[in-house]
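**Q** My questions will all concern the structure given below.
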Amino acid sequence: MTAQQIVAVAIIVAMMIAFLWGRLRYDLVAALALLAAIGLGAVPFDQAFSGFSDDIVIIVGSALLVSAAVARSGIMEVLIQRYVPPLKSIRMKLMLLVLIVTLLSAVVKNIGALAIMIPIAFQFAKRSNVSPSLFLMPMAFGSLLGGLMTQIGTSPNVIVSRVREEITGQSFTMFDFTPVGASLAVVGVIFLVFFYWLVPIRQRESGSLHDALELSDYVAEAEVTKSSAVLGKPVSDLLKMAEGAARISSILRQGGVRITPLPDSALKEGDVLLLQGDAEAIDRLASQAKLSLTGGRDLGVKASDAEAIEVVIGENSSLIGLSAKQLSLFDRHDVNLLAVSRKGARIEQRLGNVMLRMGDVLVLQASRARIPEMLRDFGCLPLAERPILMGSVRKGIVPLGILLAAMAVTAVGLLPVPVAFFAAAVLVVAFKAIPLREVYDALDGPILVMLAALIPVSGSLRTSGATELMGAGLSQIAMSLPAWGALALILVAAMAVTPFLNNAATVLVMAPIAATFAGQLGYRPEAFLMAVAIGAGCDFLTPIGHQCNTLVMGPGGYRFGDYSRLGLPLSILVILVAVPMLMIVWPVG
């Protein structure tokens, strides 16, 4: 080995040790590795920041933003409510999520399929009172398995088809990958459903203050209007939408009549429902049932300029001892009181009649420009900077439609994946499906910095010639192995190299090596090329070998070493199933 090759390998090994050690955050480890590679000459100065313009960074950042817009729209909750049967068991919810992602990944880009389902995973986790980390890693692995089933499912399959055409004059077809890929997907999904408990329970590292807040239930008023989805329907239909996350404490009918919310009570136009629950649950229920949280009180600004904020009443607040009605909160101050939370007390009154106390937590809606002045005038403190959607206008199907369109144009080859997803990210912002103030929170900077720093560092293995040296060593070892052993060696080598070269680069490096020594051993190349594609598409050991693994790292709060807990036994299972299936479907003789 040359000195440059030794340096490149040493930096990679040291970086992996630091990742597994876990004392430094992953983006800092990657940045330090990049600095070391620059300082020791493994990465040239002009290539040091090439990772920031790499397609993978664009794809992951765009997918995070579009996924956040889909989650904010509330459309996925409506689809679950309408088409998914109630599931009590965590295992059944996990199976549904993994199955859908796996099947979708066979026909569309797997990162797109995963991005669609992440918001649903968060809803399932919230309703089951478990960490999203329980669902997200198995879903990411399911998306990788699903991508193995067709030619368009993942980039390695497309590239290895081109390599076969260059070698034999005939490309792999769309469903040549299906027999082996489907077998691996079935076995892999069964494994994920029964062994999901291997996934460590994590909370998002970069979580903000609101993730740690534990508030008493809010009380809010929601009016049944002529456009409400529950008009004329029994209370039981509304309770079904709530799924236990929000409760109806009473119904106030016109004329001041208070009605107990019995399941068979029919809802009428003008009914005011007193709802109890957290802000997200109340908002979700109001959005699905098309209830009005503002009671028709229009702030006189564009919907996109109206903002809801959580505030706590301070000891010197002018609100203490008065009600919203006495304050003429809307008429005099252009502020809507949407909800009140009071620790240790149950509120049964109309919101406008509640006498406010020090320590009450309110959700107030006002124009964005008015909020700083409002806080000063009222002597209130913003509780935490977090997105409160209560009373806001949703874009419904717009972000989901944009994501589906991006996936469609990539499936038919009109646009490359990074361009399509970048366009989708720009469009969801342009259509105001996600407010500008939330855009950069959704991008998850630490993940993008880690990726951008790792790309030139891992590329040093290729530019130094270390990968060619490894390939020559593999060829020497394979000479002494039987056909199944040589096939397994190629598969394992592709799995091992993928985290450092990314899956597409792994195929470009490994496929010619595999085809060459298959020819030297007198074997047909198809099984070996397929083994390279499977190995490159099955990085279950790290968050950096495939963008799907990277996509869930931040939202799931995973550490670098967490992936191998579920991924190592899955990788062994893939090898044990893939090798005999390849020998059967693609005979080497």
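**Q** What helices (runs of 4 or more DSSP H), lying completely within the range 470-589, carry at least 1 residues that are open to solvent by 20 Å² or more (accessible area, probe 1.4 Å)? First the steps, then the outcome.
**A** Details: elements: 483-520, 526-537, 547-556, 563-585.
Per the criteria, 483-520, 547-556, 563-585.
**Q** Another question, if that's okay. Please enumerate the residues belonging to the range 102-123 that are open to solvent by less than 10 Å² (accessible area, probe 1.4 Å), within 29 Å of G277 (Cβ to Cβ) and over 10 Å from the mean Cα position of the chain (by Cα).
**A** Hits for the range 102-123: nothing passes.
Residues are listed down the side, and each one gets a yes or a no for (1) surrounded by 15 or more Cβ atoms within 10 Å (Cβ to Cβ); (2) under 20 Å from the mean Cα position of the chain (by Cα); (3) closer than 30 Å to V585 by Cα; (4) modelled with pLDDT of 90 or more:
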position: F175; (1), (2), (3), (4): no, no, yes, no
position: L184; (1), (2), (3), (4): yes, no, yes, yes
position: I190; (1), (2), (3), (4): no, no, yes, yes
position: R204; (1), (2), (3), (4): yes, yes, no, no
position: A212; (1), (2), (3), (4): no, no, no, no
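**Q** From the list E315, E310, E280, exactly one residue is among the acidic types (D, E), within 40 Å of the chain's Cα centre (by Cα) and either open to solvent by less than 20 Å² (accessible area, probe 1.4 Å) or under 20 Å from G359 (Cβ atoms) (or both). Which is it?
**A** The conditions single out E310.
**Q** Next question. Please indicate, with yes or no, whether at least one residue in the range 322-334 is touching a His at 6+ places or on another chain (Cβ under 9 Å) and free of Cβ contacts under 8 Å to residues at least 24 places away in the same chain. Explain how you work it out, then say what you get.
**A** Going residue by residue through the range 322-334, those that are touching a His at 6+ places or on another chain (Cβ under 9 Å) are 327.
The next check asks that each one be free of Cβ contacts under 8 Å to residues at least 24 places away in the same chain; those that pass are 327.
Looking for residues that are touching a His at 6+ places or on another chain (Cβ under 9 Å) and free of Cβ contacts under 8 Å to residues at least 24 places away in the same chain, one finds at least one in the range 322-334, hence yes.
**Q** Name the residue that is surrounded by the most Cβ atoms within 10 Å (Cβ to Cβ), counting only residues in the range 129-148 that are outside any helix (DSSP H, G or I), touching a residue at least 12 places away in the same chain (Cβ under 8 Å) and of a type outside the set (G, A, S). Explain how you work it out, then say what you get.
**A** Applying the first criterion (outside any helix (DSSP H, G or I)) to the range 129-148 yields 129-132, 148.
Of the ones still in play, those that are also touching a residue at least 12 places away in the same chain (Cβ under 8 Å) are 130-132, 148.
Cutting the leftovers down to of a type outside the set (G, A, S) gives us 130, 132, 148.
Details: V130: 15, P132: 23, L148: 30.
In this case the residue turns out to be L148.
**Q** Could you please find all residues in the range 325-366 being closer than 20 Å to G277 by Cβ, more than 33 Å from the chain's Cα centre (by Cα) and β-branched (V, I, T)?
**A** I347, V354
**Q** Could you please find all residues in the range 430-446 being of a type outside the set (D, E), in a helix (DSSP H, G or I) and within 30 Å of R559 (Cβ to Cβ)? So that I can check it myself, show each step before the final result.
**A** Our first condition is that a residue be of a type outside the set (D, E); within the range 430-446, this holds for 430-437, 439-440, 442-443, 445-446.
Okay, now just the ones that are also in a helix (DSSP H, G or I), so 430, 436-437, 439-440, 442, 445-446.
Once the filter is applied, which keeps residues that are of a type outside the set (D, E), in a helix (DSSP H, G or I) and within 30 Å of R559 (Cβ to Cβ), the range 430-446 yields R437, V439, Y440, A442, G445, P446.
**Q** For residues that are touching a Ser or Thr at 6+ places or on another chain (Cβ under 9 Å) and of a type outside the set (G, A, S), scanning just the range 558-584, find the one that is modelled with the lowest pLDDT.
**A** Once the filter is applied, the top-ranked residue is F560.
**Q** Given L427, L414, which one is over 25 Å from P499 (Cα atoms), open to solvent by 30 Å² or more (accessible area, probe 1.4 Å), at pLDDT 85 or above and not in a helix (DSSP H, G or I)?
**A** On the way: L427 fails: not in a helix (DSSP H, G or I).
Result of the check over L427, L414: L414.
**Q** Need the failing condition index for L469 against (1) touching a residue at least 12 places away in the same chain (Cβ under 8 Å); (2) touching a helix residue (DSSP H, G or I) at 6+ places or on another chain (Cβ under 6 Å), just the number.
**A** (2)
**Q** Which residue is farthest from the chain's Cα centre (by Cα), if the candidates are limited to the range 22-37 and must be buried (at least 18 other Cβ atoms within 10 Å of the Cβ) and more than 19 Å from D444 (Cα to Cα)?
**A** A37
**Q** Identify, please: which residue in the range 235-252 is free of Cβ contacts under 8 Å to residues at least 40 places away in the same chain and open to solvent by less than 60 Å² (accessible area, probe 1.4 Å) and is, among those, farthest from the chain's Cα centre (by Cα)?
**A** I251
**Q** Right, here's the next one. I'd like to know if the range 161-172 contains one or more residues that are crowded, with 24+ Cβ neighbours inside 10 Å and part of a helix (DSSP H, G or I). Can you show your working first?
**A** If we filter the range 161-172 for residues that are crowded, with 24+ Cβ neighbours inside 10 Å, which is where we start, we get none.
No, that holds for no residue.
The values are calculated or read from the model by the stated rules, or taken from the named source; none is laboratory data. Remember, it's a predicted structure, so these values are computed and weren't measured experimentally. Reconstructed Cβ throughout: ideal geometry from the backbone, glycine too, with neighbour counts over all protein chains shown. Calculation scope for accessible area: heavy atoms of the full protein, side chains included, ligands and nucleic acids excluded. Shrake-Rupley method; radii C 1.70, N 1.55, O 1.52, S 1.80 Å.
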